[in-house]
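The values are calculated or read from the model by the stated rules, or taken from the named source; none is laboratory data. These figures come from a predicted structure and were not determined experimentally. FYI the Cβ positions are ideal-geometry reconstructions off the backbone, even for glycines, and counts take in every protein chain you see. Heads up: the accessible areas ignore ligands, DNA and RNA and are worked out on the full protein's heavy atoms, side chains in. Shrake-Rupley method; radii C 1.70, N 1.55, O 1.52, S 1.80 Å.
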2 protein chains.
Amino acid sequence: MITETEKRDAQLKAAQMIRAAGLMIRDDEIETIEVVDFGLGNLETEGVEVFTMVNTDRLAAKILVLFPNQTEPEHWHPQVEGDPGKQETVRHIWGDLRFYVEGPETLSRGFVVAGKEDVYTLRHEIDMSPGDQLTFEPYEKHWFQAGASGAVLYSFSTTVRDGLDGFTDPEIQRITLVNKDE
Amino acid sequence: MITETEKRDAQLKAAQMIRAAGLMIRDDEIETIEVVDFGLGNLETEGVEVFTMVNTDRLAAKILVLFPNQTEPEHWHPQVEGDPGKQETVRHIWGDLRFYVEGPETLSRGFVVAGKEDVYTLRHEIDMSPGDQLTFEPYEKHWFQAGASGAVLYSFSTTVRDGLDGFTDPEIQRITLVNKDE
């Protein structure tokens, strides 16, 4: 859960990073940025900020922002309702970014969120440079993390049903609740 | 038909415009930019430059460049082989850009390519500002044109089979032939 103020602050910070990366977001689009804390209540540590440019019944194009040292938890995109499942390609644009996928343990630059070793099972690190891309087929587990600068990347995918993603961490709720300020 | 030199020059010019718009293209990606003259041999007048970021069996994400006053001819995306047809969303990023779609005649800022009135049938002009988006369903005809600055835009779509697009102009060949320099 996050407050309205935390949400607005995160939207502004994400928009600044999108613009620092050279990408375009209009002033009136900033309030559409989704601030996702995965129900964990610790946005700066585990979370992601998502600017959705397009999301039709067939495809989605998004700009993802990770704040410095922020981690998007381990997840996968399942098959649902006769759809073959979400296929996603990410393209790194700006900042420090590392992906974690199936494979031999190579984690060295990043870190597993403290006390969460059980729900970050993938330890194969891919250090991303701007322009590097990865494609995930349905059910391919992955998590990713920014370094000290934060990161801005594209996500291009078939139709997104984020509410149906699978997460290793059973504590996660994909739909962020926003509370009035106290 | 274009020559190797024309192709390379157009690729460099398009990359400069992509970067001027703030978008990211790596040096080693410049040679992948597709320079499309539609078989008309008059690239600066009718043509488009296409940087494909992603093109899988399910979706495509591209950056399109129009040089100053360059026009992409009138076309549509048909249904093919049981696929419901290409759905495309464009998002304008930088420069002067006008789209032409079905509707009442409002053409005022742009122009129909000289002598080609018969093959540019749409005269409903949409003047685009950065961030403006349009979505075309299969078979929805459209053409577009840059003003004096040229234009840079995104195209997000389901799988692209450019070779199967329909064009109003019967002279058009979608697959550009590149000749050795003379």
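Applying the condition of being at pLDDT below 80 and under 25 Å from A:Ile18 (Cβ atoms) to the stretch A:149-180 and asking which residue is most open to solvent (accessible area, probe 1.4 Å) yields A:Ile175.
Taken together, B:Gly131, B:Gly103, B:Gly110 contain a single residue that is out of contact with any Pro (no Cβ under 8 Å at 6 or more places or on another chain) and either of a type in the set (A, V, I, L, M) or within 14 Å of chain A (Cβ to nearest Cβ) (or both), which is B:Gly131.
This table checks each residue for (1) within 22 Å of A:Trp94 (Cβ to Cβ); (2) not in a strand (DSSP E or B).
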| position | (1), (2) |
| --- | --- |
| A:Leu107 | no, yes |
| A:Asp118 | no, yes |
| A:Glu125 | yes, no |
| A:Gly131 | yes, yes |
| A:Ser149 | yes, no |
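Out of the stretch A:100-114, which residues are within 25 Å of A:Asn42 (Cα to Cα) and either of a type in the set (Phe, Trp, Tyr) or open to solvent by 70 Å² or more (accessible area, probe 1.4 Å) (or both)? First the steps, then the outcome.
Kept after step one, since they are within 25 Å of A:Asn42 (Cα to Cα), are these residues of the stretch A:100-114: A:100-101, A:107-114.
Selection gives A:Tyr100, A:Ser108, A:Arg109, A:Phe111, A:Ala114.
Applying a threshold of 6 Å to beta carbon distances and a minimum spacing of six or more residues, or different chains, the list of pairs starting in the stretch A:116-136 at a residue that is over 29 Å from B:Ala61 (Cα atoms) and ending at one that is open to solvent by 40 Å² or more (accessible area, probe 1.4 Å) reads A:Arg123/A:Glu105; A:Arg123/A:Leu107.
Here B:Gly22, B:Gly85, B:Gly47 are screened, and the one residue that is open to solvent by 20 Å² or more (accessible area, probe 1.4 Å) and among the small types (Gly, Ala, Ser) is B:Gly22.
So in the stretch B:28-43, with the set limited to residues that are closer than 20 Å to B:Ala61 by Cβ and open to solvent by 30 Å² or more (accessible area, probe 1.4 Å), which one is nearest to the other protein chains (Cβ to nearest Cβ)? Full working, then the answer.
Restricting attention to the stretch B:28-43, the residues satisfying the condition of being closer than 20 Å to B:Ala61 by Cβ are B:28-36.
If we keep only those that are open to solvent by 30 Å² or more (accessible area, probe 1.4 Å) as well, we get B:28, B:31-32, B:34.
Numbers: B:Asp28: 8, B:Glu31: 13, B:Thr32: 11, B:Glu34: 17 Å.
Result: B:Asp28.
Of all residues in the stretch A:1-19, those being within 13 Å of chain B (Cβ to nearest Cβ) and surrounded by fewer than 17 Cβ atoms within 10 Å (Cβ to Cβ) number 1. From the list B:Gly131, B:Gly82, the lone residue that is on the phi > 0 side of the Ramachandran plot and modelled with pLDDT under 90 is B:Gly82.
Filter the stretch B:81-105 for residues that are in a strand (DSSP E or B) and touching a residue at least 60 places away in the same chain (Cβ under 8 Å) and give the result. Within the stretch B:81-105, B:Asp83, B:Glu88, B:Thr89, B:Val90, B:Arg91, B:His92, B:Ile93, B:Trp94, B:Gly95 qualify.
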